[in-house]
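What follows is a set of notes on a single structure, which appears directly below.
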Amino acid sequence: MKFKIIKHLRKYIYPLWNYKGKAKVSPWIRGLQNFTFKGENIVPEFCVSAGKATIGYRTTLGVHNFLGGTIEIGKYCQIGGYVAFHASNHPINYPTTYINSSFFNGDLVKLKEDNPIKLGNDIWVGHAVIVLSGVTVGDGAILAAGAVVTKDVAPYTIVGGNPAKPIRKRFSDKIINELLELKWWDMTEEELEKVKPLFLTDLTKVDSIYTILKK
């Protein structure tokens with residue numbers, strides 16, 4: 001009963017507002033003007049966008065997400081809480097890394113580097129992950145909780161650690177290639193309904209997704 005009351009109160013303390021019919025966003029976020037939403041997105045409390053962030057269809061962010069610099073996230077991704085994307089870097093080849101606007105009237109701000117981060121589709125980013133500048137994450141990948149991702153991640157690969165390293169592939173190479181070919185995230189609702197049995201199948205126990213799709 002206690003948890004039901006807390007859950008009920010939370011809706012009033014941290015409401016989600018409809019934003020241009022594209023997303024449900026918390027009023028407790030910063031940098032809303034820096035987001036581009038592709039539809040049915042959720043941005044909960046205390047998220048910050050300090051750059052240019054494109055959020056793919058049905059992708060949801062977690063509490064306290066930080067998106068610095070140019071970030072592009074694909075469709076159907078789920079981002080855990082306290083995740084940080086750092087696409088921008090302070091300069092390291094100049095006398096100082098200090099580029100605050102109070103120093104030299106902000107003349108050094110232009111030295112800040114922006115190396116875009118790109119996430120594909122159907123990616124699960126675990127709690128407190130940090131993704132650094134220039135990284136590309138392939139479709140279907142999983143970034144384990146606490147990982148510090150400094151290099152590109154291959155599709156359907158699980159990575160973890162600091163710095164993050166591949167733990168294993170989620171499926172066989174054949175299954176991975178078939179999923180990348182299928183691109184289910186580009187399907188319409190009607191098309192997805194037709195292939196629903198695929199989403200209820202343990203793909204580690206089949207040789208091909210087409211054995212399910214042809215049934």
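Multiplying the residue separation of residue 14 and residue 162 by 0.36 nm and removing their Cα-Cα distance gives an extension gain of 50.0 nm. At the listed q of 0.11, 0.19, 0.22, 0.23 Å⁻¹, the Debye profile of the stretch 24-124, built from one uniform point per Cα, gives log10 I(q)/I(0) equal to -0.36, -0.87, -1.06, -1.12.
Over the Cα atoms of the stretch 89-215, Rg to Rh with Kirkwood Rh, two decimal places?
Over the Cα atoms of the stretch 89-215, Rg/Rh equals 1.17.
Think of a 1.4 Å ball rolled over the protein heavy atoms: the chain then has 60 Å² of accessible area per residue. Spin-label model, residue 195/residue 102: points 7 Å from Cα along the beta carbon direction are separated by 5.4 nm. Pairs over the 28 Å Cα-Cα cut-off, from the set 11/112; 165/194; 75/205; 22/183: 11/112; 165/194. Placing unit charges on the Cβ atoms of the charged side chains and taking the dipole of the chain about its Cα centre, the candidate lying farthest along the positive direction among 71, 102, 129 is 129.
Report the Stokes-Einstein translational diffusion coefficient (µm² s⁻¹, integer) for the chain, Rh taken as the Kirkwood radius over Cα pairs, at 37 °C with viscosity 0.692 mPa s. Intermediate values should be presented prior to the final figure.
On the way: Rh = 19.0 Å.
Result for D is 173 µm²/s.
The angle separating the long axis of helix 173-182 from the principal Cα axis of greatest extent in the chain is about 80 degrees.
Rounded to the nearest 500, what is the chain's calculated 222 nm mean residue ellipticity when only DSSP H runs of at least 4 contribute -39500 (n - 2.57) each, over all residues? Walk me through the numbers on the way to the answer.
On the way: 5 runs with 36 residues, N = 215.
The helix-only estimate for the chain comes to -4500 deg cm²/dmol at 222 nm.
Quick one: with all protein chains in place, what share of the accessible area of the chain is carbon or sulfur, to the nearest percent (1.4 Å probe)?
Details: 7270 of 12920 Å².
Accessible surface attributable to carbon and sulfur in the chain totals 56 percent.
The values are calculated or read from the model by the stated rules, or taken from the named source; none is laboratory data. The model shown is predicted, which means the values in this text are computed figures rather than measured ones. Here Cβ is always computed from backbone atoms with ideal geometry, including for glycine, and neighbour counts include all displayed protein chains. Only protein heavy atoms, including side chains, enter the accessible area calculation; ligands, DNA and RNA are left aside. Shrake-Rupley method; radii C 1.70, N 1.55, O 1.52, S 1.80 Å.
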